[in-house]
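Participant: Let me begin by handing over the structure; questions about it come next.
The values are calculated or read from the model by the stated rules, or taken from the named source; none is laboratory data. Computed from a predicted model, the values in this text were never measured in an experiment. All Cβ positions, glycine included, derive from the backbone under ideal geometry; neighbour counts span all protein chains shown.
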Amino acid sequence: MSRTFDPNKTFRLSRSKIELFVNCQRCFYLDAKLGIKRPGMPAFSLNNAVDALLKKEFDIYRKSHSSHPLMKEYKIDAVPFDHDKMDEWRDALRRGITFLMPGTNFEITGGIDDVWINTVGELIIVDYKATSKESEVTLDSEWQKSYKRQVEIYQWLFRRNNFKVNPTAYFVYANGDAGEDAFNHCLRFKLTILSYEGNDEWIEPVILDAHKLLLDENIPDRNEECEHCNFAYKSTSTKRQQTLL
């Protein structure tokens, strides 16, 4: 498996790299072909803790093949999907669920949070999210489009692995309550389930466009809407100006 794109070797194209391509083709090219990555972000440790605990909680009901109380509250006629590859699918660092895209050397990968199965045998993609806000959680913000693309890629991956997938995906949102009188060693969360009707028709054309881009030897032009491209441009421009003074 090649760490940077080589047309003669299998290249891992993760869900996050597809999202990078959607956001900025120049940043994607620098990352995937030249190994120049965007500056790293700090880990969201509290979010990761919520994610891990939710997985453990839903796993209890997975083993008993029964519905979680939250699923019953929202009248979702399903149970957590019990499959021997569940741990593998969740492990994004090792690959998650994969599919080798025909016509490319891309192995598409994605690490899911959870999968449920309904009474007619359809899989339901589930993603856990954590936040803390006074208003009710929604999926209406512009930046949450990336969340929607995320579950659509997971839906697509499971379909390409010959599973029957329901178009409805769910987000289990944990909203931290900052309105308590004191911390008292405890942060309480309100759990909400938000539904989203996925559409994966955009995915394969985007993957093929990404492959075509990486076969090109020319670095894409700066994306003026990309803050990373603009920072690098302005920083370089400032250094050039200082050299000329």
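Participant: Could you grab the pairs with beta carbons closer than 6 Å, sequence gap of 6+ or different chains, first residue in the range 180-193 and over 15 Å from Asn47 (Cα atoms), second one surrounded by 10 or more Cβ atoms within 10 Å (Cβ to Cβ)?
Facilitator: Final answer for the pair search is Thr192/Val137; Thr192/Tyr173; Ile193/Tyr74; Ile193/Tyr170; Ile193/Val172.
Participant: Still on this structure: Right, Arg90: closer than 28 Å to Tyr170 by Cα, of a type in the set (D, E, K, R) and assigned by TED's automatic domain parsing to the domain that holds Arg149 or not?
Facilitator: The answer is yes for Arg90.
Participant: If you take just the strands (runs of 3 or more DSSP E) that sit entirely in the range 50-111, which of them hold at least 3 residues that are within 19 Å of Trp156 (Cβ to Cβ) and in contact with a helix residue (DSSP H, G or I) (Cβ under 8 Å, 6 or more places away or on another chain)? Spell out how you get there, then give the answer.
Facilitator: On the way: elements: 78-80, 97-100, 106-110.
Because the criterion is at least 3 residues that are within 19 Å of Trp156 (Cβ to Cβ) and in contact with a helix residue (DSSP H, G or I) (Cβ under 8 Å, 6 or more places away or on another chain), the strands (runs of 3 or more DSSP E) in the range 50-111 that meet it are 97-100, 106-110.
Participant: Residue by residue through the range 50-73, note down the ones that are buried (at least 16 other Cβ atoms within 10 Å of the Cβ) and among the aliphatic types (A, V, I, L, M).
Facilitator: Scanning the range 50-73 gives Val50, Leu54, Leu70, Met71.
Participant: Separate question: Would you confirm whether or not the range 26-46 contains a residue that is under 12 Å from Val206 (Cα atoms), touching a Pro at 6+ places or on another chain (Cβ under 6 Å) and buried (at least 16 other Cβ atoms within 10 Å of the Cβ)? Steps first, please.
Facilitator: Here is the first cut: in the range 26-46, the residues under 12 Å from Val206 (Cα atoms) are none.
Looking for residues that are under 12 Å from Val206 (Cα atoms), touching a Pro at 6+ places or on another chain (Cβ under 6 Å) and buried (at least 16 other Cβ atoms within 10 Å of the Cβ), one finds none in the range 26-46, hence no.
Participant: So, Ile117, is that one touching a residue at least 40 places away in the same chain (Cβ under 8 Å) and in a strand (DSSP E or B) or not? Let's see the steps before the verdict.
Facilitator: Values: touching a residue at least 40 places away in the same chain (Cβ under 8 Å): no; in a strand (DSSP E or B): yes.
No.
Participant: Let me ask something additional. Within the range 168-205, track down each residue that is of a type in the set (Gly, Ala, Ser) and either within 18 Å of Gln150 (Cβ to Cβ) or surrounded by 12 or more Cβ atoms within 10 Å (Cβ to Cβ) (or both).
Facilitator: Step one: of the range 168-205, the residues of a type in the set (Gly, Ala, Ser) are 169, 174, 176, 178-179, 182, 195, 198.
The answer is Ala169, Ala174, Gly176, Ser195, Gly198.
Yes/no matrix, rows are residues, columns are (1) at positive phi; (2) assigned by TED's automatic domain parsing to the domain that holds Ile76:
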position	(1), (2)
Gly103	yes, no
Glu107	no, no
Ile117	no, yes
Glu122	no, yes
Ile125	no, yes
Glu134	no, yes
Val137	no, yes
Trp143	no, yes
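Participant: Just the residues that are closer than 19 Å to Glu57 by Cα and over 16 Å from the mean Cα position of the chain (by Cα), please, taken from the range 95-117. Show your work before the answer.
Facilitator: As a first pass, look at the range 95-117 and keep what is closer than 19 Å to Glu57 by Cα: 111-117.
Trp116, Ile117 - these are the residues of the range 95-117 that are closer than 19 Å to Glu57 by Cα and over 16 Å from the mean Cα position of the chain (by Cα).
Participant: For the range 181-217, name all the residues that are within 26 Å of Pro69 (Cα to Cα) and not in a loop (DSSP other than H, G, I, E, B).
Facilitator: Of all residues in the range 181-217, those within 26 Å of Pro69 (Cα to Cα) come to 185-198.
Answer for the range 181-217, where residues must be within 26 Å of Pro69 (Cα to Cα) and not in a loop (DSSP other than H, G, I, E, B): Phe189, Lys190, Leu191, Thr192, Ile193, Leu194, Ser195, Tyr196, Glu197.
Participant: While we're here: Residue under question is Ile18, and the condition is that it be modelled with pLDDT of 95 or more, part of a loop (DSSP other than H, G, I, E, B) and surrounded by 17 or more Cβ atoms within 10 Å (Cβ to Cβ); does it hold?
Facilitator: On the way: modelled with pLDDT of 95 or more: yes; part of a loop (DSSP other than H, G, I, E, B): no; surrounded by 17 or more Cβ atoms within 10 Å (Cβ to Cβ): yes.
Spelling it out, it is not the case that Ile18 is modelled with pLDDT of 95 or more, part of a loop (DSSP other than H, G, I, E, B) and surrounded by 17 or more Cβ atoms within 10 Å (Cβ to Cβ).
Participant: Can you name the residue in the range 131-167 that is among the hydrophobic types (A, V, I, L, M, F, W, C) and under 23 Å from Arg95 (Cβ atoms) and, of all such residues, is surrounded by the most Cβ atoms within 10 Å (Cβ to Cβ)? If you could, list the steps in order and put the result at the bottom.
Facilitator: If we filter the range 131-167 for residues that are among the hydrophobic types (A, V, I, L, M, F, W, C), which is where we start, we get 137, 139, 143, 151, 153, 156-158, 163, 165.
Filter once more, keeping what is under 23 Å from Arg95 (Cβ atoms): 151, 153, 156-158, 163, 165.
Details: Val151: 24, Ile153: 27, Trp156: 24, Leu157: 24, Phe158: 21, Phe163: 17, Val165: 21.
Checking each candidate, the answer is Ile153.
Per-residue answers, yes or no, for (1) within 24 Å of Trp202 (Cβ to Cβ); (2) modelled with pLDDT under 95:
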position	(1), (2)
Pro80	no, no
His83	no, no
Trp89	yes, no
Ala92	yes, yes
Glu142	yes, yes
Glu152	yes, no
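Participant: Still on this structure, please answer the following. Which residue out of Ala174, Ala178, Ala169 is over 14 Å from Tyr29 (Cα atoms), assigned by TED's automatic domain parsing to the domain that holds Asp140 and part of a loop (DSSP other than H, G, I, E, B)? Explain how you work it out, then say what you get.
Facilitator: Details: Ala174 fails: part of a loop (DSSP other than H, G, I, E, B); Ala169 fails: part of a loop (DSSP other than H, G, I, E, B).
Ala178 is the lone residue from the list that is over 14 Å from Tyr29 (Cα atoms), assigned by TED's automatic domain parsing to the domain that holds Asp140 and part of a loop (DSSP other than H, G, I, E, B).
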